Amino acid sequence: MVRNNIKFNVAYFRLASFIFIIETLIALYINDSIIRPYIGDVLVVILIYCFIKSFLDVKVLPTALFVLLFAFTVEFLQYLNIVEKLGLQSSKIATTIIGTSFSWIDILTYIVGIIIVISVEYFFQKEK
């Protein structure tokens, strides 16, 4: 039950905030062929994971898999051109957050991001 798992974690919140700032800077100022399309997508799943862990005391693997499934869902919605179907194609915020084009490479970058999350989490749990 989620209600029992509500617990604010300042470390995850700080990390989520830091990654959010990086992601915002990437979205606003970087338009290259490596950082924005690849590093940004790796970071976005880490950001979502850290945001969830900021407020919920939940296990690593189920949370990481939920975030991965969420990212896959957003990517699938891009395949369906959801931004256009919702009439948001002129919204810079909507096109930046949701995205506009499906890519198998994005799926791979999300997987890499979640592998990083799981690896780092289990490394730190082992250290404790």
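Consider the range 51-93 and keep the residues that are aromatic (Phe, Trp, Tyr) and in contact (Cβ under 8 Å) with a residue 24 or more places away in the chain. The one that is nearest to Phe123 (Cα to Cα) is Phe51.
Considering (1) in a helix (DSSP H, G or I); (2) modelled with pLDDT under 95; (3) not hydroxyl-bearing (Ser, Thr, Tyr), the lone condition that Asn31 does not fulfil carries the number (1).
Among the residues examined, Ser119 qualifies as among the hydroxyl-bearing types (Ser, Thr, Tyr), over 12 Å from the mean Cα position of the chain (by Cα) and assigned to a helix (DSSP H, G or I). Just so you know, in the range 1-26 the residues that are under 14 Å from the mean Cα position of the chain (by Cα) and of a type in the set (Gly, Ala, Ser) include one that is farthest from Gly113 (Cα to Cα), and it is Ser17.
Enumerate the pairs (first residue in the range 94-106 and more than 10 Å from Val74 (Cα to Cα) and in contact (Cβ under 8 Å) with a residue 24 or more places away in the chain; second residue anywhere and of a type in the set (D, E, K, R) and surrounded by 14 or more Cβ atoms within 10 Å (Cβ to Cβ)) with beta-carbon separation below 6 Å, excluding pairs fewer than 6 apart on the same chain, so at least 6 apart or on different chains. Matching pairs, first to second residue: Asp106/Asp41; Asp106/Glu75. The residue that is nearest to Tyr38 (Cα to Cα), among those in the range 100-127 that are of a type in the set (Gly, Ala, Ser) and surrounded by fewer than 14 Cβ atoms within 10 Å (Cβ to Cβ), is Ser101. Of all residues in the range 79-99, those that are β-branched (Val, Ile, Thr) and more than 21 Å from Leu69 (Cβ to Cβ) total 3. Residues in the range 49-62 that are part of a helix (DSSP H, G or I) and surrounded by fewer than 21 Cβ atoms within 10 Å (Cβ to Cβ): Phe51, Ile52, Ser54, Phe55, Val60, Leu61, Pro62.
The values are calculated or read from the model by the stated rules, or taken from the named source; none is laboratory data. Since we're looking at a predicted model, the values are computed, not measured. FYI the Cβ positions are ideal-geometry reconstructions off the backbone, even for glycines, and counts take in every protein chain you see.
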